[in-house]
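Heads up: the structure comes next, in structure tokens.
The values are calculated or read from the model by the stated rules, or taken from the named source; none is laboratory data. Just so it is clear, the model here is predicted, and its values are computed rather than measured. No Cβ is skipped: glycine too gets one built from the backbone with ideal geometry, and neighbour counts run over all protein chains shown.
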Amino acid sequence: MTITVEDGTGLADANSYVSEDEADTYAEDRGITAWTDSQDDKEAALVRATTTLDAMYRTRFSGSKLNGRAQALEWPRINSFDYLGNLLDDDEVPIEVRDATIELAIRELADPGSTMPDLDRAVRSLRAGSVSIEYASNAAAKTSFSIVNAIMSSLVGTGATSLVGEAVRG
């Protein structure tokens, strides 16, 4: 596996926001013991996690890619703001993006493909012996990662903390 970590210049061939070393330190600092495997497996998990993060949040990021479509990943970005309205540096990947990538990678290492599973909630009822599953009619066909959503909330905003603009013609 070849990992190319985004360095803040908008690389055309970047496939991860985080290096294995940075992920190792993050996991060690938090006592996350599940982040143990071969270098290749960890790097593959980081690449999958980066893909997932971009797919989950790209339409909610403010600003635009530093190098437009020529850059592989969504970050770095120009004219991008956090939820408080602070302008983000256009030559780096925000810590929130890096931390969320690692959180997703930890899950990907434990269960490859788990962060972007193919789900179908059309099942109304399933019974196997004494065990049964029935999804509510409004059950979402997706997996939610609370820690990742919390980390990313400062970049994409949620609910009352979102930046809202109003256009007035006058």
Cβ pairs under 9 Å, 6+ apart or interchain, first in segment 61-77 and without any contact (Cβ under 8 Å) to a residue 24 or more places away in the chain, second in a loop (DSSP other than H, G, I, E, B) and of a type in the set (F, W, Y), ordered by first then second residue, are E74/F61; R77/F61
Cβ-Cβ below 7 Å, separation at least six or inter-chain, first residue in segment 101-117 and over 14 Å from A55 (Cβ atoms), second in a loop (DSSP other than H, G, I, E, B) and hydroxyl-bearing (S, T, Y): which pairs?
R107/S114; R107/T115
So, in segment 26-43, exactly how many residues are of a type in the set (G, A, S) and either modelled with pLDDT under 95 or in contact with a Pro (Cβ under 8 Å, 6 or more places away or on another chain) (or both)?
2
Please give the number of the condition S162 fails out of (1) hydroxyl-bearing (S, T, Y); (2) under 30 Å from K42 (Cβ atoms); (3) at pLDDT below 60.
(2)
Checking T33 against (1) polar (S, T, N, Q); (2) in contact with a Phe, Trp or Tyr (Cβ under 9 Å, 6 or more places away or on another chain); (3) in a loop (DSSP other than H, G, I, E, B), the condition it does not meet
(2)
Exactly one of these conditions fails for T33: (1) hydroxyl-bearing (S, T, Y); (2) surrounded by 19 or more Cβ atoms within 10 Å (Cβ to Cβ); (3) within 23 Å of I3 (Cβ to Cβ). Give me its number.
(2)
